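The values are calculated or read from the model by the stated rules, or taken from the named source; none is laboratory data. Just so we're clear, the structure is a prediction, and the values are computed from it rather than from any experiment. Note that we place each Cβ from the backbone using ideal geometry, even for glycine, and neighbour counts take in every protein chain shown.
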Amino acid sequence: MLLDGEEWEAKFLDFRSEAWRLETLPTYRVPQEEEEVRRFLAGERIDPLSYADEYTNDLKRVRREGKTKGRVRIVTRPLSEYLRYEFMYYEPHALAGEDIRIMDVTEKENPLADVQDFWMFDRSEVVLMHYTPDGTQISRELYEGDPEPYKEYQRIALAESVPFEEYVKGLDVRT
């Protein structure tokens, strides 16, 4: 079953305890981000301590409700311009309560090399994220099989990653 619109939005409102994502691609092409990416490439930066938007406000709501939202982002160095842009927004997202972790596979084998992007809700419901090779999302599909492999992918991703704040120490991600 493909998810879009209200059905997709409901996943983020209705989960009981945890929403978690694995991000595997070097770049995502998101139409809503095009202007922000252009401004980032032109040198504009946000202040992570004062930045707020709908996403950070929702993260705060999730935390108030006693729920968690997290992700593991797989990266290789050098960080692409897109990753630098994305990291700029990860700062206020982490400050608002999202558990963001980075799995750098630059100098090691990627233990999740054949795993596609997905969201998992309450460790029981999986949504597969489908992209074209350039990172353009083409669909979201409710996975109807056994969630156990995805729970194992999450376990591996968490074990092989470090907190975002730890990863960016010593990196100048704002340039």
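Per-structure values
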{"read-out": "Output for the range 94-104, where each listed residue is more than 14 Å from V75 (Cα to Cα) and either of a type in the set (G, A, S) or within 10 Å of the chain's Cα centre (by Cα) (or both)", "value": "A94, A96, G97, E98, D99"}
{"read-out": "Residues that are assigned to a strand (DSSP E or B) and crowded, with 17+ Cβ neighbours inside 10 Å, drawn from the range 129-155", "value": "M129, Y131, R140"}
{"read-out": "Test result for R84, at pLDDT 95 or above and not aromatic (F, W, Y)", "value": "no"}
{"read-out": "Verdict on M103 being under 22 Å from Y28 (Cβ atoms), in contact with a Phe, Trp or Tyr (Cβ under 7 Å, 6 or more places away or on another chain) and not polar (S, T, N, Q)", "value": "no"}
{"read-out": "Failed criterion for L59 (all others in (1) loosely packed, with under 11 Cβ neighbours inside 10 Å; (2) modelled with pLDDT of 95 or more hold)", "value": "(1)"}
{"read-out": "Lone qualifier among R84, R64, R29 - being farther than 24 Å from M120 by Cα and either of a type outside the set (S, T, N, Q) or crowded, with 16+ Cβ neighbours inside 10 Å (or both)", "value": "R84"}
{"read-out": "Answer from E91, E166 - the residue that is exposed (fewer than 15 other Cβ atoms within 10 Å of the Cβ) and of a type outside the set (G, A, S)", "value": "E166"}
{"read-out": "Which numbered condition D172 misses (of (1) of a type in the set (D, E); (2) in a loop (DSSP other than H, G, I, E, B); (3) modelled with pLDDT of 95 or more)", "value": "(3)"}
{"read-out": "Any pair with Cβ under 6 angstrom, 6 or more apart, that starts in the range 84-99 at a residue that is over 21 Å from G66 (Cβ atoms) and ends at one that is of a type outside the set (V, I, T)", "value": "Y85/F40; Y90/F164; E91/P48; P92/P48; P92/Y51"}
